[in-house]
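Accompanying notes for the structure given below.
The values are calculated or read from the model by the stated rules, or taken from the named source; none is laboratory data. Remember, predicted model here, so these are calculated numbers, not experimental data. Virtual Cβ from ideal backbone geometry, glycine too; neighbours counted across all protein chains shown. Accessible surface areas use protein heavy atoms only, side chains included; no ligands, DNA or RNA. Shrake-Rupley method; radii C 1.70, N 1.55, O 1.52, S 1.80 Å.
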Amino acid sequence: MEPIKNIKGTQDLLPQQAWKWHYIESVIRKMSETAGYREIRTPIFESTQLFKRGIGELTDVVSKEMYTFTDRGNTSLTLRPEMTASVMRSWIQNSLGQEGGVQKLYYAGPMFRAENVQKGRLRQFHQWGIELVGSPAAAADAEVILLMIRTLESFGLTNLKLKLNSVGDENCRPVYREILKDYFRPRLAELCPVCQGRFDSNPMRILDCKNETCKSVSAEAPKITDHLNEACQTHFDLVKTFLTKANIPFEIDPFLVRGLDYYTKTAFEVISTDLGSQNAVGGGGRYDLLIEQLGGKPTPSVGFAIGIERLLILLEERNLFKDLSPKGPDLFVATFSESHQTAIFPVVQNLRLAGIRTEMELIGRSIKAQMREADRLKAAYVLVVGDQELETQTVTLKKMADGSQTPVNLSELTDFFKRLA
Ligand code: HAM
């Protein structure tokens, strides 16, 4: 029978890799919680309407990349393509704003986008994200950006670049869009078909197109940073001041347009020169109108998400995992026969209860094969249980690193390993 394979763009997380994820997740949790963020988990699927309303119907994510299906009750559901909309839905539904002040939330989990698969671009991928809900202040933008950069740096990463822009607000952006359309109108025929389609619906996305001709047409386009209203300009200047004071280098990119429609004012991305074409490690921005769009009270907020697979690629390429591979078991218990196995079984269980990582033979292989297994598992010590050991209640512990042998009474085995720790 033909074996069934996984779906393109998804990945198995194999045991050899799992510890790398645990490591990344532990750093992420520590950094988030140290900065005062608390975890939120929301369902993996939501009503399709949430993403249409939250992210924007005309975005690539919503119009082309969502995994949408109808359930048995004929409700349209979608596997979340990102989590900001879900978190805001939950924030409104659970009245999290009632606690007062700001809500600082973080999450880590799988997201789904039906994209063309390539290195660093998957259909099921994972994000770590944070959302700071309820502050209009530039200090909030700076805090969020700082958390992102400092966390990436804490993994040992260096070749990172922070790109920063302001995409304006509901007052200055419509004006800028018209200015932009006036610029592109006479050059429309030169643009790629996708950008021609964007001209009416979302002309700012043309600035972001990777097509070489579009790029050259866009090169002289008017910049949003020259058309911000006073409120957006003041906010943007203040964000820059905060970052400068925190010694965070940044590059203003007036053509940075994020792929999700909810952003207002600050938009940012962190790219790595070590990644290929999918060079964005993470991105985010301010979204002051989203909660209102989803039916809540106006609540200014800001956040980001990073792609964990992309972070993993970087850490692997830079060899930043090298000293962190997990240790083998403390002890491998080899046995001659099933009766020896039965006799030693409680000892093995007690060692484990005491926190000593113990393996025992489960297949009934020869002693030679069990030694090879202990070696493969990188066990620190091995002991062999036979008639004599059970009779004298004394085993000989062999240290695998140097072959040295130590006789130990079975009743003192736990203490022996505890003293080593
Ligand atoms: P985003 O830029 O769409 O933002 O995604 C954030 C990060 O997720 C990207 O920079 C990238 O590292 C990773 N990512 C996105 N798509 C893929 C994919 N197909 N395969 C692998 N990695 C991917 C958001 O999702 C916003 N919710 C961020 C945010 C939070 N803004 C405000 N708060």
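A quick yes/no check of all residues on (1) farther than 23 Å from residue 309 by Cα; (2) in a loop (DSSP other than H, G, I, E, B):
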position	(1), (2)
20	no, no
24	no, no
32	no, no
91	yes, no
101	yes, yes
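For the list (1) surrounded by fewer than 17 Cβ atoms within 10 Å (Cβ to Cβ); (2) at pLDDT 95 or above; (3) within 16 Å of the ligand (Cβ to nearest atom), I need the number of the one condition that residue 346 fails.
(3)
Please enumerate the residues belonging to the range 327-352 that are assigned to a helix (DSSP H, G or I) and either out of contact with any Ser or Thr (no Cβ under 9 Å at 6 or more places or on another chain) or within 20 Å of residue 388 (Cβ to Cβ) (or both).
Of everything in the range 327-352, those that are assigned to a helix (DSSP H, G or I) and either out of contact with any Ser or Thr (no Cβ under 9 Å at 6 or more places or on another chain) or within 20 Å of residue 388 (Cβ to Cβ) (or both) turn out to be 338, 339, 340, 341, 342, 343, 344, 345, 346, 347, 348.
Out of all the residues in the range 355-378, which are open to solvent by less than 80 Å² (accessible area, probe 1.4 Å), in a helix (DSSP H, G or I) and not hydrophobic (A, V, I, L, M, F, W, C)?
370, 373
For residue 39, are the conditions met, namely being open to solvent by less than 20 Å² (accessible area, probe 1.4 Å) and more than 12 Å from the ligand (Cβ to nearest atom)?
When the stated conditions are applied, residue 39 does not pass them.
Within the range 315-358, which residues are within 23 Å of residue 411 (Cβ to Cβ) and under 33 Å from the mean Cα position of the chain (by Cα)?
329, 330, 352, 355, 356, 357, 358
Given the criterion at pLDDT below 95, within 18 Å of residue 130 (Cα to Cα) and either buried (at least 22 other Cβ atoms within 10 Å of the Cβ) or in the same structural domain as residue 151 (by TED's automatic domain parsing) (or both), identify the matching residue among 267, 280.
280
Return the only residue of 314, 331 being buried (at least 17 other Cβ atoms within 10 Å of the Cβ), under 30 Å from residue 127 (Cα atoms) and touching a residue at least 60 places away in the same chain (Cβ under 8 Å).
314
Give the residues of the range 292-311 that are touching a residue at least 40 places away in the same chain (Cβ under 8 Å) and among the acidic types (Asp, Glu), sorted by residue number.
If the condition is that a residue be touching a residue at least 40 places away in the same chain (Cβ under 8 Å) and among the acidic types (Asp, Glu), then 309 is the only one that fits.
Give me the residue from the range 87-119 that is surrounded by 20 or more Cβ atoms within 10 Å (Cβ to Cβ) and near the ligand (Cβ under 9 Å from one of its atoms) and, out of that set, nearest to the chain's Cα centre (by Cα).
Top of the filtered list is 111.
How many residues, within the range 1-19, are open to solvent by 30 Å² or more (accessible area, probe 1.4 Å), touching a residue at least 40 places away in the same chain (Cβ under 8 Å) and not aromatic (Phe, Trp, Tyr)?
Residues meeting the conditions: 4.
Would you mention how many residues in the range 147-163 are open to solvent by 50 Å² or more (accessible area, probe 1.4 Å) and over 27 Å from residue 203 (Cα atoms)?
5
If I filter the range 164-197 down to residues being free of Cβ contacts under 8 Å to residues at least 24 places away in the same chain and among the basic types (Lys, Arg), which single residue comes out as surrounded by the fewest Cβ atoms within 10 Å (Cβ to Cβ)?
Restricting to residues being free of Cβ contacts under 8 Å to residues at least 24 places away in the same chain and among the basic types (Lys, Arg), the top hit is 185.
In the set 402, 387, which member is touching a Phe, Trp or Tyr at 6+ places or on another chain (Cβ under 9 Å) and open to solvent by 80 Å² or more (accessible area, probe 1.4 Å)?
387
Among the numbered conditions (1) open to solvent by 20 Å² or more (accessible area, probe 1.4 Å); (2) out of contact with any helix residue (DSSP H, G or I) (no Cβ under 6 Å at 6 or more places or on another chain); (3) within 28 Å of residue 201 (Cβ to Cβ); (4) not in a loop (DSSP other than H, G, I, E, B), tell me where residue 285 comes up short.
Just one mismatch for residue 285, condition (1).
Is at least one residue of the range 288-295 surrounded by fewer than 18 Cβ atoms within 10 Å (Cβ to Cβ), outside the structural domain of residue 352 (by TED's automatic domain parsing), closer than 22 Å to residue 57 by Cβ and among the small types (Gly, Ala, Ser)?
Among the residues of the range 288-295, at least one is surrounded by fewer than 18 Cβ atoms within 10 Å (Cβ to Cβ), outside the structural domain of residue 352 (by TED's automatic domain parsing), closer than 22 Å to residue 57 by Cβ and among the small types (Gly, Ala, Ser), which makes the answer yes.
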